[in-house]
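What follows is a set of notes on a single structure, which appears directly below.
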Number of protein chains: 2
Amino acid sequence: MTQLRREPLAEQAAEALLERIRGGEWALGQKLPGETTLAPQLGVGRSTIREAIRHLAGRGVLATRQGAGVFVTALDEPEDWDQVLRRADIAAVIEARIAIEVEASALAAERRTLSDLRAMKRAAEERDLHRSGVEEHVDADTVLHRSIVLAAHNQILTELFDTFTPRSRQAMIELLRRRGEHGGEADHLIHMRILEAIAHRDAESAAALTRDHLLALKAKLP
Amino acid sequence: MTQLRREPLAEQAAEALLERIRGGEWALGQKLPGETTLAPQLGVGRSTIREAIRHLAGRGVLATRQGAGVFVTALDEPEDWDQVLRRADIAAVIEARIAIEVEASALAAERRTLSDLRAMKRAAEERDLHRSGVEEHVDADTVLHRSIVLAAHNQILTELFDTFTPRSRQAMIELLRRRGEHGGEADHLIHMRILEAIAHRDAESAAALTRDHLLALKAKLP
DNA sequence: ACTTCTCTACTTGTCTGAGGAGTTGTGCTA
DNA sequence: TAGCACAACTCCTCAGACAAGTAGAGAAGT
């Protein structure tokens, strides 16, 4: 039994093109063959291939320039992040966290408000209370880190951090379980120093301390 | 002074439709007038209005059903990253890019292979050729920056960069159009210095130069 | 009264041919 | 060698024709 629902040719053509772009047939910034080439190649008319191109242009994947051609402007809209994060190894996730959090930490030092400081302090104290259970400890730690990112007042960095949280959480839990210890006093100390730097509007120190902290975490990886 | 750069009619028509949808002329789920009505109404041909509709369909705003009509499926773009990026101001996007690219640049200095170096060099040369058109220049620039991120060999950083590409592209184009200049020789020079640092496995310099480069970009914002 | 069928008007989907407009590279000229 | 005209390419737009699908009105049957 074949397809009951028939998709319009233009939609099919758009999917076919996206497939080939994803497959690397044309790299970012490269020119696609002209419509007069693509149309017969896919077995459709010119206006159909044009509509397919417009569709992808609307999604931000292609851009057309009259007289010049059609160009790849993005490889694809981001696919399922869960999938990506699951595939990627932990080291890569931590490296991404370093990128986000170090920058966020520096921005936080410049922009933190008094209420940001209060929130961070509260999170730090809360974290200090949860030293028994591994999961609770990781969660409390995440809250603290998030409060720092929030103080950067950059919505995108916050969203990125939240994207990583679930994957990072699981990795941390496994890591701590294996090690049997959770940084303990040393981690507490460095957190306090980071908060201090942010309070003093010392962006450089805040960034450096955050980097050290996360690099130490990465170093613990098996 | 009007637009010097003439946008294609189809794009203008898409914007005009989006404007009217946002203005509440047609509610969510409602049917738009037929193509044969809209086309004369906007003073364009039928295929043109069709391409405009396809463009909005690609953005998830409209959906067409053969025989039935064109329907509004979303008042604004969907809930995904595109949406977040569109809402966030450009400064926030650049800050996020700084986070990603500075770290990527440092990692690239440590991990770049010879073939990475070749790809970066090729992208840099390509970029130098495209100095005329604004869009072309931005696209070539993106290819170069992406080749650096790729050399970091971290899939997550790459995906993050790709996520920003469409939004960043539009912002850069607007920015350069307003300024009328594109960094020119200075930008070329700093790119070469970044590539040199990566080639020499000098992570610190690579990171610092990348940061300076993007900070300069951010400083140009209105 | 209700269901089912059919027909018709209307809608989007697709193709083709034609000409307009912008870009790019080539080859000629000075 | 530098500058310029031109030709070949590209996408852009329109118009017309027909195919394919939908939905509503009305007829026919139960």
Check the straight Cα-Cα distances from B:K220 and name the aspartates and glutamates below 19 Å, setting aside those fewer than 8 residues away within the same chain.
-> B:D89, B:E95, B:E101, B:E135, B:D139, B:D141, B:E174, B:E181, B:E185, B:D187, B:D212
Of the options A:I156, A:G58, B:S147, report the single residue whose Cα projects farthest towards the positive end of the charge dipole of the protein assembly as shown (beta-carbon charges: Lys, Arg +1; Asp, Glu -1).
-> A:G58
Could you give the size of the charge dipole of the range B:9-72 about its Cα centre, using +1 on the Cβ of each K and R and -1 on the Cβ of each D and E, expressed in debye and rounded to the nearest 20?
-> 220
Taking the Cα centre of the protein assembly as shown as origin, sum charge times position over the Cβ atoms of Lys and Arg (+1) and Asp and Glu (-1), and report the length of that vector in debye to the nearest 20.
-> 900
Roughly how crowded by other chains is peptide B:98-109, in terms of the mean Cβ count from those chains within 10 Å of each of its Cβ atoms?
-> 4
Let me know the charge dipole size of chain A about its Cα centre in debye, to the nearest 20, where only the beta-carbon of Lys, Arg (+1) and Asp, Glu (-1) is charged.
-> 480
Please give, to one decimal in nm, the separation of the simple spin-label points placed at B:D89 and B:I190, each 7 Å out from Cα toward the Cβ.
-> 2.1
Listed residues A:L150, A:L107, A:L28, most fluctuating in chain A (Gaussian network, C-alpha, under 10 Å) | A:L28
In peptide B:150-160, how many Cβ atoms from other protein chains are near each Cβ within 10 Å, on average?
-> 6
Report the one residue of A:I90, A:A186, A:A219 whose Cα lies farthest in the direction of the positive end of the charge dipole of the range A:81-219 (charges on C-beta: Lys and Arg +1, Asp and Glu -1; origin at the Cα centre).
-> A:I90
Any idea what the A:E125 label distances to the other copies are, label 7 Å down the Cα→Cβ vector, nm, shortest first?
-> 6.3
In whole angstrom, how far apart do the alpha carbon centroids of the range A:12-34 and the range B:150-167 sit?
-> 18
Here the relative contact order (percent) of the range B:9-72, from C-alpha pairs under 8 Å and at least 6 apart, is 43
By the scheme Lys and Arg +1, Asp and Glu -1, what is the net charge of all other residues having a beta-carbon under 13 Å from that of B:H200?
-> -1
If we hang a label 7 Å off Cα along the beta carbon direction at A:R65, how far is it from the matching labels on the other copies, in nm, shortest first?
-> 4.1
Could you work out the relative contact order of the range A:81-219, using alpha carbon pairs under 8 angstrom and six or more residues apart, expressed as a whole percent?
-> 40
Rounded, prolate or oblate: pick one for the range B:9-72, where a ≥ b ≥ c are the square roots of the eigenvalues of its C-alpha gyration tensor, a/c under 1.5 means rounded, and failing that, prolate if a/b is larger than b/c, else oblate.
-> rounded
Expressed in nanometres to one decimal, the distance between label points 7 Å along Cα→Cβ at A:R20 and B:T113 is 2.7
B:Q30 paired with B:E174, simple spin-label distance in nm, labels 7 Å along Cα-to-beta-carbon = 2.8
Cross-link partners among lysines for B:K218, C-alpha distance below 26 Å, same-chain residues fewer than 8 apart left out?
-> B:K121
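Since every read-out is calculated from the coordinates, none of them should be taken as a lab result. Keep in mind that this is a model prediction, so the values were computed, not measured. Quick reminder, even Gly has a Cβ in these numbers, built from the backbone with ideal geometry, and neighbours come from all protein chains shown.
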